[in-house]
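Input: a single structure, listed below in structure tokens.
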Amino acid sequence: MWILKYIMEKKNKVKTIANFKEFVKEFGDIDGKENLEEIPCIILAGPPGCGKGTQAKIISKGIRWKHISTGDILRDSGDKDIKKMMKSGELLPDDLVGKELISYLKEYSKHHDPKGFIFDGYPRNLAQRDIFEEICRVNNLKLVYVFFLNAPESLLRKRIEDRGKTSGRSDDKSEKAFNKRMEEYNEQTLPMIESMRNGSNFIEISSNRSLEEISSLIFKKLDEI
Ligand code: ADP
């Protein structure tokens, strides 16, 4: 029922969380204990089809950091309202995604002692960036790099079209959904990425490089920490 409430709110254009500090205070303490040691994390950001998910899997396998994909978490929720929104290519409400992410992190941290986290597809707008910073602060996560995988729209469109033939993802199959995803990206995600550009840990990688080239660049950077 609460999901429906959030979706209704979204329809009424209530998009952001009024007090994200309170929000994280309520939900954000991942494992209930104080983490004395910093846990490093990275963000993989970029437009749909830029290869965030593929790179995250390679990096996670290579250095054994936990891959956190909000797209996968939301797809796995099995909720039909979430499915419907994802199918259309819209971004889901920030508080819904925040809650799903935090409860996933909590559940994971109960059973594992993570060496690091790879965030793929989160944060995706300025409000989520604030929530993310607060999650990091509360849980002693240290953002070591933001990798921005950039690519021209024509390449992204082609990749998603090809992926749609095999991925089984409903949002990969329709051109309308792709256009919506690009619109959300340009309006919401790009300003968030630009807000991080001046940070010393921001690295832009052009996505027309080969998969291997991109992952070895990322590995090299991670070796430096
Ligand atoms: P892509 O890399 O192609 O954008 P994802 O699997 O990362 O694919 O995301 C698929 C969909 O899941 C998005 O179009 C959006 O509807 C939803 N989603 C994923 N992450 C977020 C997020 N951080 N905030 C809001 N919606 C999200």
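The values are calculated or read from the model by the stated rules, or taken from the named source; none is laboratory data. Keep in mind that this is a model prediction, so the values were computed, not measured. As a convention, Cβ positions derive from the backbone with ideal geometry for all residues, glycine included, and neighbour counts pool all protein chains shown. When the accessible area is computed, the model is the full protein with side chains, heavy atoms only, and any ligands, DNA or RNA have been set aside. Shrake-Rupley method; radii C 1.70, N 1.55, O 1.52, S 1.80 Å.
Restricting to the range 81-115, name every residue that is more than 14 Å from I135 (Cα to Cα) and more than 14 Å from the ligand (Cβ to nearest atom).
Listed by number, the residues that qualify are E107, Y108, K110, H111, H112, D113, P114, K115.
Considering N198, N179, N208, which residue is in a helix (DSSP H, G or I) and either closer than 20 Å to I39 by Cα or more than 10 Å from the ligand (Cβ to nearest atom) (or both)? Please lay out each step first, then the result.
Values: N198 fails: in a helix (DSSP H, G or I); N208 fails: in a helix (DSSP H, G or I).
Just a single option satisfies the conditions, and that option is N179.
What are the residue pairs meeting all of these: first residue in the range 63-76, first residue of a type outside the set (S, T, Y), second residue more than 10 Å from the ligand (Cβ to nearest atom) and open to solvent by 20 Å² or more (accessible area, probe 1.4 Å), Cβ atoms under 6 Å, and 6 or more apart or on different chains?
R64/K115; W65/K115; K66/P114; H67/S60; I73/Y104
Considering only the range 130-149, state which residues are open to solvent by 40 Å² or more (accessible area, probe 1.4 Å) and either at pLDDT 95 or above or touching a strand residue (DSSP E or B) at 6+ places or on another chain (Cβ under 6 Å) (or both).
Passing the criteria: K142, L143.
Give T166, T189 a once-over and let me know the one that is among the β-branched types (V, I, T) and open to solvent by 50 Å² or more (accessible area, probe 1.4 Å). Give the derivation first.
Numbers: T189 fails: open to solvent by 50 Å² or more (accessible area, probe 1.4 Å).
None of the others qualify; the one that does is T166.
Identify all residues within the range 81-129 that are more than 15 Å from the chain's Cα centre (by Cα), open to solvent by 10 Å² or more (accessible area, probe 1.4 Å) and modelled with pLDDT of 90 or more; write none if there are none.
Matches in the range 81-129: D81, K83, K84, M85, K87, S88, K115.
Please find, within the range 57-72, the residue that is farthest from the ligand (Cβ to nearest atom) out of those that are open to solvent by less than 20 Å² (accessible area, probe 1.4 Å) and in a helix (DSSP H, G or I).
This residue is I59.
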